[in-house]
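Following: one structure in structure tokens, then a few remarks.
The values are calculated or read from the model by the stated rules, or taken from the named source; none is laboratory data. Please read all numbers here as calculations on a predicted model, not as lab measurements. As a convention, Cβ positions derive from the backbone with ideal geometry for all residues, glycine included, and neighbour counts pool all protein chains shown. Surface accessibility is based on the protein's heavy atoms, side chains included, excluding ligands, DNA and RNA. Shrake-Rupley method; radii C 1.70, N 1.55, O 1.52, S 1.80 Å.
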Amino acid sequence: MATLKEKFGYALGDAAAGGITWKIMSIAFPLFFTNVFGLTFADAATLMLIARMFDVVTDPLMGALADRTQSRWGTYRPWLIFGAVPLGLIFALLLYTPDFGPVGKRIWAYSLYLLMMATYTAVNVPYGSLLGVMTDDDNEKNQFSSFRMVGAYAMGFITLLSFPYLQKLVGGTEQHQYAVLGAFFGILATLGTLACGLLTKERLKPVRAEKFSFKPFADLFRNKPWIILTLIGVCTNFFNGFRYAVAGYLFEYCLKGYVTISGFIINYTVFMTFGELTCMIFGGLSPKFTEWIGSKRMAFMAAALICVVFSVGFFFVPMDPAYIWVMVLLVILTSIGIGIFSPLLWSMYADVADYATEKNGTSSTGLIFSSGTMAQKFGTAISGSLVALFLGLAGARMLTDEMGNTSVDPASITDSVLSMVWNLFSLFPAIIAALIIVLTYFYPIKK
């Protein structure tokens, strides 16, 4: 029986990865790269696209490598213990803007972004795989998943809410602000990841293959639950990715910066914080909701339907700061669905891993959970890449100064760009959520 301390320790792992590094990468990086660092929309889109193709290879290889790791710390925990410092360090360097020319900046951004993705994979794939070896009790798996999501969303809430106030506290240029906050949050991510590795326990021994082979990879594509769940995972992260990647542009362009109400700053990070708090609450309630509705599959479909309805509702809100509390309300209502299905996804991956072990005779837990991490990164970053691409297609363009540095041309932010931003936050995610419902309907594990 797992202790409360262990569940809290497991929650710290996703507080670090999901609540700090991934949250900032999802919501701040698109705007940071184009409006602060100085990449063009095309460069930013290409950067995130290349990184995703890189992850298609590294994530499953990391899963297979993690499954075969043997050490005094276990199979998956050593990757968290020894990967904690590189994760925080590389994240901090990504938010630093070097005094380079355009080519040097591209090399810096591309190299560090790819290195960050590789490091995130080396930590997060084993972290997800831990769920498969900490307990064999299905209810306890749901509890661990729920703790994980509450940890991620609670830290995401703290991170996003504090971000604009910390920027004001740091002062100076935006480049200086992001560099200091990168170092601060990088240290927190390191401590959370390390604590997770030290506080958790591996109770179950994976049924290892005697030697490395490509058979587990081939087995995946004969595993119908895995195929459908991976598509669902990609779609859930497309859904979140569009909303987070475009939130900065929504405030920058549609709402003309940020909204201040009685001294309370609502910028793009604070705006999404309302959703984080809601996700934290309903992530904790997800096991009870699933028990009430009867199965993970039906609970997932109900949660996705909530996302469809309120995402469409956002489209009809006037593009005016006077309606900021209506927008906040719709973000909260949409996040009820996100909060419910987020822990279910990882619990369902554990079910798929158990199914694969029973069917094939050897454990491929790390490989299967790596596909969840790959879906997370693929969906989030491809959506971020598409946001930059769509804004360019809508007419947003860059100006280049005499030194070759680029910045957004204010005159290019026309009504067509504003409409594209609004659609990317509302109708595009609604379509993706509808697709999630269809895919979940065909998911064959009925737990």
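A few comments on the model shown:
- Residue match in region 299-316 (condition: of a type outside the set (Ser, Thr, Tyr), closer than 29 Å to residue 416 by Cα, outside any helix (DSSP H, G or I) and modelled with pLDDT of 90 or more): yes
- Members of region 250-305 that are in contact with a strand residue (DSSP E or B) (Cβ under 7 Å, 6 or more places away or on another chain) and crowded, with 18+ Cβ neighbours inside 10 Å: 259, 266
- Filtered residue count, region 254-313, keeping only those that are among the acidic types (Asp, Glu) and farther than 25 Å from residue 225 by Cα: 1
- Out of 395, 384, 404, one residue alone is farther than 30 Å from residue 143 by Cβ, within 17 Å of the chain's Cα centre (by Cα) and modelled with pLDDT under 90. It is 384.
- Residues of region 15-38 satisfying the condition of being outside any helix (DSSP H, G or I) and open to solvent by less than 10 Å² (accessible area, probe 1.4 Å): 28
- Being outside any helix (DSSP H, G or I) and either open to solvent by less than 40 Å² (accessible area, probe 1.4 Å) or acidic (Asp, Glu) (or both) is a property that residue 2 has.
- Pairs linking a residue in region 256-271 that is on the phi > 0 side of the Ramachandran plot to a residue that is open to solvent by less than 20 Å² (accessible area, probe 1.4 Å), with Cβ atoms under 6 Å and 6 or more positions apart or on different chains, do not occur.
- For residue 353: the one exception among (1) surrounded by fewer than 23 Cβ atoms within 10 Å (Cβ to Cβ); (2) at pLDDT below 90; (3) not in a strand (DSSP E or B): (1)
- Among residues of region 410-439 that are outside any helix (DSSP H, G or I), those with a beta-carbon under 8 Å from a residue that is at pLDDT 95 or above and of a type in the set (Ser, Thr, Tyr) at least six positions away or on a different chain give the pairs 426/311.
Residue-wise test of (1) closer than 23 Å to residue 80 by Cβ; (2) open to solvent by less than 20 Å² (accessible area, probe 1.4 Å); (3) modelled with pLDDT under 85.
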| residue | (1), (2), (3) |
| --- | --- |
| 139 | no, no, yes |
| 145 | yes, yes, yes |
| 175 | no, no, no |
| 181 | no, yes, no |
| 185 | yes, yes, no |
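- The single condition from (1) more than 14 Å from residue 13 (Cβ to Cβ); (2) surrounded by 18 or more Cβ atoms within 10 Å (Cβ to Cβ) that residue 71 fails is (2).
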